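Remarks on the structure that follows.
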Amino acid sequence: MTTETAGKYLFPEGFLWGAATAAYQIEGSSMADGAGASIWDRFSHTPGNMKDGDTGDVACDHYKRWREDIQLMKRLNLQAYRFSVSWSRVMPEGRGAINPKGIDFYDRLVDGLLEQGIEPLCTLYHWDLPAALDDRGGWLNPDIADWFADYGQVLFEKFKGRVKTWGTINEPWVIVDGGYLHGALAPGHRSAFEAMIAGHNVLRAHGAAVKRFRQVGEGKIGIVLNIEPKYPASDKPEDEAARRRAEAQMNRWFLDPLMGRGYPEELKDVYGEAYREFPQEDFDLIAQPTDWMGLNWYTRAVPENAPDAWPTRSRPVKQVQHAHTETGWEVNPPALTDTLVWLHEQTGGKLPLMVTENGSAWYDPPHAIDGRIHDPMRVEYLKNHLKALHDAIGKGVDVRGYMAWSLLDNLEWSLGYSKRFGITHVNFQTQERTIKDSGLLYAEVIKTHGGVL
Ligand SMILES: N=[N+]=NCCCCNC(=O)[C@@H]1[C@H]2[C@H](O)[C@@H](O)[C@H](O)[C@@H](CO)[C@@H]12
């Protein structure tokens, strides 16, 4: 904070401050106590898929250290904690029998959070599909909509009155683009034909879960989308056309059907013969009204026309004038403001939004030095993106909360432990947690409602 900005970035009363994680990225013990395997157990144990051969077998050992991690959340002044449930821990086969020890873990976690005055925000699905369902076709099998709604019902009923804010699915685009189009993520398929079908079933499953929630659940339910705004590399018509294709394939593919608009026109151009039409009843199910929408936001892209680039025929142009994180993502806080204004417009200005993930990977040492982890780049990223978020609220966008990605350094999917996003450092040799300077700042932001920015 500087004297001229003192109090300029105060956030609205009731704004919810938290941090986010995902089951496979932090829990470890993924096969313990009767749990079934997930596609990430299989994918991470398949040679060649993971940087340095890393797996989620131990991760942050959160399955055992959850009490310690709740104390960490208290020290960070968190008001909320966004976590995901491992479907195959709760239902080892993905359908049918419930694993009592699996659901008990989340029961204890939720009660532990509530005892500390931390609001649990629960994501039903954050990429770790039960392997047994993948054996039945997984997201390619239309039956998955009912399997997912049945799984959701187990949690809606178990946590009724304790979990009040539910997310159905985390980032349909990454599930499909990573898992079925490019194969970089589990289950590692590479087919535009499969991607269209999987994407449609992910959306149908979301709709089926929302419908079931209205029958048996209590509280509020929504979906979590990653949106990466696209700015044309030049004012040439072919670059604007490329921008539109990239925007359709990442930002509109799932948003438009959820908003009752069906798939964006440009998707036919992007997927060609792989593009599929689907029955109207599916789109009615998909567009079930929801209570809120989560935005996961990291960066923007500046696409140019690239006829050889599959499938969007667009390629992002690196903006060398801006800083880039360890994951190669450009740092551009004003683009977050733009995205929130755009999403507010795209959702008709009626759907409360929440930034459900925002953060950055920078190099941190493997262990603390003098009990500290100085992470100045992450401090700057956090400060400037919270200011950008505040700017969006000032423009009339209804944003209810911010969940920092991530509470802990964790398994960054196929990049393993090589990329650290945490506001808390994890020494993966000792499992020691050390709150980084960025976490210390965040605790102050929460305490002062942004006044310290
Ligand atoms: N190129 N490029 N563009 C940026 C596109 C970002 C797509 N990846 C995400 O949003 C994932 C989300 C995930 O929920 C979490 O589980 C991941 O750990 C974080 C960090 O990776 C983010």
Using alpha-carbon positions, what is the distance between the centroids of the range 110-136 and the range 161-197, in Å? 16 Å
Here the relative contact order (percent) of the range 1-132, from C-alpha pairs under 8 Å and at least 6 apart, is 33 percent
Counting only residues 5 or more apart in sequence or on a different chain, those whose built amide H sits under 5 Å from that of Gly422 are Ser406, Asp409, Asn410
How large is ³J(HN,Hα), in whole Hz, for each residue of the range 404-412 in order, when computed from phi with the Karplus curve 6.51 cos²θ - 1.76 cosθ + 1.60 and θ = phi - 60°, using x for Gly and Pro? 5, 9, 9, 4, 10, 4, 8, 6, 7
Which whole-Hz couplings ³J(HN,Hα) result when phi for each residue of the range 138-150 is put into the Karplus expression 6.51 cos²θ - 1.76 cosθ + 1.60, θ = phi - 60°, listed in order with x for Gly and Pro? x, 5, 8, 9, x, 5, 5, 4, 6, 4, 5, 5, 5
For Lys211, go through the aspartates and glutamates and keep the ones whose alpha-carbon is under 12 Å away, minus same-chain ones fewer than eight residues off. Asp146, Asp150, Asp284
By the C-alpha gyration tensor axes a ≥ b ≥ c (rounded if a/c is under 1.5, else prolate when a/b exceeds b/c, else oblate), the shape of the range 16-448 is rounded
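Report, in debye and to the nearest 20, how large the dipole of the range 301-453 comes out about its Cα centre when Lys and Arg carry +1 and Asp and Glu carry -1 on their Cβ.
Using only the charged Cβ atoms, the result is roughly 220 debye.
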So, counting K/R as plus one and D/E as minus one, what does the shell of residues with Cβ under 12 Å around Thr123 add up to? -2
The answer for Thr123, listing residues at least 5 apart or on another chain whose modeled amide H is closer than 5 Å to its amide H, is Phe83, Ser84, Val85, Gly167
Please report, in debye to the nearest 20, how large the charge dipole of the range 16-448 is about its Cα centre when each Lys and Arg carries +1 at its beta carbon and each Asp and Glu carries -1 there. 820 debye
Determine the relative contact order of the chain: mean sequence separation of Cα pairs under 8 Å and six or more apart, normalised by residue count, in whole percent. 19 percent
Would you calculate, for the chain, the mean residue ellipticity at 222 nm contributed by helices, counting each DSSP H stretch of 4 or more residues as -39,500 (n - 2.57) and dividing by all residues, to the nearest 500? -11000 deg cm²/dmol
So what are the ³J(HN,Hα) numbers for the range 100-113, from phi and the Karplus equation (6.51, -1.76, 1.60; θ = phi - 60°), rounded to whole Hz, Gly and Pro as x? x, 5, x, 6, 4, 4, 6, 4, 5, 4, 4, 5, x, 5
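Quick note: the coordinates plus some simple rules give every number you see, no bench work behind them. What you see is a predicted model, and the numbers here were worked out from it, not measured in a lab. Cβ: placed from backbone, ideal geometry, glycine included. Neighbour counts: every protein chain shown.
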